[in-house]
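The values are calculated or read from the model by the stated rules, or taken from the named source; none is laboratory data. Predicted model only: the values in this text are computed from it and were never measured. Here the Cβ positions follow ideal geometry from the backbone for every residue, glycine too, while neighbour counts run over all protein chains shown.
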Amino acid sequence: MLIRHPSNIKPSEITPQDIYANRRRWLAAAGALGVGSMLGATPFAHAQDPFAALIKSPLSTSGEALTPLKDVIASTRFRELEENIVANSVGLATRPWTVTVEGEVHKPRTFDIDDLMRLAPLEERIYRMRCTEGWSLVIPYTGYPFAEIAKRVEPTGNAKFVEFTSILDPKNLRGQREVKYISWPYVEGLRIDEAMHPLTLVALGIYGAPLPKANGAPLAIRVPWKYGIKSPKAVVRIRFTEQLPQTVWTKHYPSSHSFWSNVNPDVSPRLFRSRATERRVGESGSRPTLMFNGYAQQVAHLYAGMDPRAMF
């Protein structure tokens, strides 16, 4: 349940070396796999490329094989693009793109995605991600802590939660026309101390390149100790609030998805089989699911005194 913190992890040791050394070849290979068109942004393949020099992160998990890029793209759950993620991602336009940050802040602001790309030094972090459906991935993300955005807008003392809203574009996003079991746009939220935790990541890329459309380009939020539903994709608005946000899943399925959605192998709410095990994409068989997805040492203190059985 502990994250090891190696003292000397180079980005080339996280991303396969041949990919990291030549991103143009990586893009060509991605095209050959049929995923090149799903890259969220490619205008950085030049000297100003913010992905060219990534900082190693001591917060990476280690000792686990990375999920191949093609499987990361094919296995994602992005309901705006369901069911055929690859084909349906064509309509997701990632340029131009802005993210509005508002609510209980002293300095509300609208960020252009290119500004966000350069807002803070980009890190490469290997995270485990666990889906409520029982499968999991290990992904080398590129980004920086959400706290970097928060400190630019200066939350007020009334800010208790952070609400994230994803793009609403039913004309171009098939899932928003056809998926009727949730309401749109996709809304998720965190308590402010969760959002400000160093593990909460503004994800702008994977495998040393811009985020593919299938994984929420151009900007997603990654919260590795929670089930994947708490990690919204294609975010266009961030709102600091005093009241607990009404999220998509707590609105429609409160008996199956609590606001917290912390990974807990001991709780299997209605609509789900046992969450004690998971299937790592690309592996045969199953493996035990870890409390807080293996990040307990870093985050358990956030929930001191709370009933973990109520935080499914």
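Within region 75-87, residues that are surrounded by 20 or more Cβ atoms within 10 Å (Cβ to Cβ) sit with their Cβ atoms under 6 Å from residues that are charged (D, E, K, R), at 6+ positions apart or across chains, in these pairs: PHE78/LYS233.
Might you check whether a residue that is among the aromatic types (Phe, Trp, Tyr), farther than 27 Å from GLU154 by Cβ, surrounded by fewer than 23 Cβ atoms within 10 Å (Cβ to Cβ) and at pLDDT 95 or above occurs anywhere in region 200-210? Looking for residues that are among the aromatic types (Phe, Trp, Tyr), farther than 27 Å from GLU154 by Cβ, surrounded by fewer than 23 Cβ atoms within 10 Å (Cβ to Cβ) and at pLDDT 95 or above, one finds none in region 200-210, hence no. Per the conditions (1) in contact with a Pro (Cβ under 8 Å, 6 or more places away or on another chain); (2) over 25 Å from VAL248 (Cα atoms); (3) surrounded by fewer than 21 Cβ atoms within 10 Å (Cβ to Cβ), the sole criterion not satisfied by VAL105 is (2).
Of all the residues in region 231-269, those that are modelled with pLDDT of 95 or more, surrounded by fewer than 19 Cβ atoms within 10 Å (Cβ to Cβ) and among the charged types (D, E, K, R) number 1. With respect to the conditions (1) modelled with pLDDT of 95 or more; (2) under 30 Å from GLU124 (Cβ atoms), LEU168 falls short on a single one, namely (2).
For region 289-312, which positions are without any contact (Cβ under 8 Å) to a residue 40 or more places away in the chain, of a type in the set (A, V, I, L, M) and out of contact with any Phe, Trp or Tyr (no Cβ under 9 Å at 6 or more places or on another chain)? Passing the criteria: only ALA304. Any residue at all in region 117-135 that's modelled with pLDDT of 95 or more and polar (S, T, N, Q)? No, region 117-135 contains no residue that is modelled with pLDDT of 95 or more and polar (S, T, N, Q).
Here is a check on your reading of the model: is GLU278 of a type in the set (Asp, Glu) and in contact with a Gly (Cβ under 8 Å, 6 or more places away or on another chain)? In short, yes.
Taking region 279-293 as the search range and keeping residues that are polar (S, T, N, Q) and more than 22 Å from the chain's Cα centre (by Cα), which one is modelled with the lowest pLDDT? Within region 279-293, the match that is modelled with the lowest pLDDT is SER284. Filter region 176-199 down to the residues that are surrounded by fewer than 24 Cβ atoms within 10 Å (Cβ to Cβ) and among the charged types (D, E, K, R), then identify the one that is nearest to GLU278 (Cα to Cα). It comes out as GLU194. Of the residues contained in region 116-136, one or more are found to be over 25 Å from TRP225 (Cα atoms) and either out of contact with any helix residue (DSSP H, G or I) (no Cβ under 6 Å at 6 or more places or on another chain) or surrounded by 20 or more Cβ atoms within 10 Å (Cβ to Cβ) (or both).
VAL153 meets the conditions (1) more than 16 Å from ALA220 (Cα to Cα); (2) out of contact with any Pro (no Cβ under 8 Å at 6 or more places or on another chain) in every case but one. The failed one is (2). Please verify whether GLY189 is more than 24 Å from THR61 (Cβ to Cβ), in contact with an Asp or Glu (Cβ under 9 Å, 6 or more places away or on another chain) and not in a loop (DSSP other than H, G, I, E, B), treating the condition exactly as stated. Yes, satisfied.
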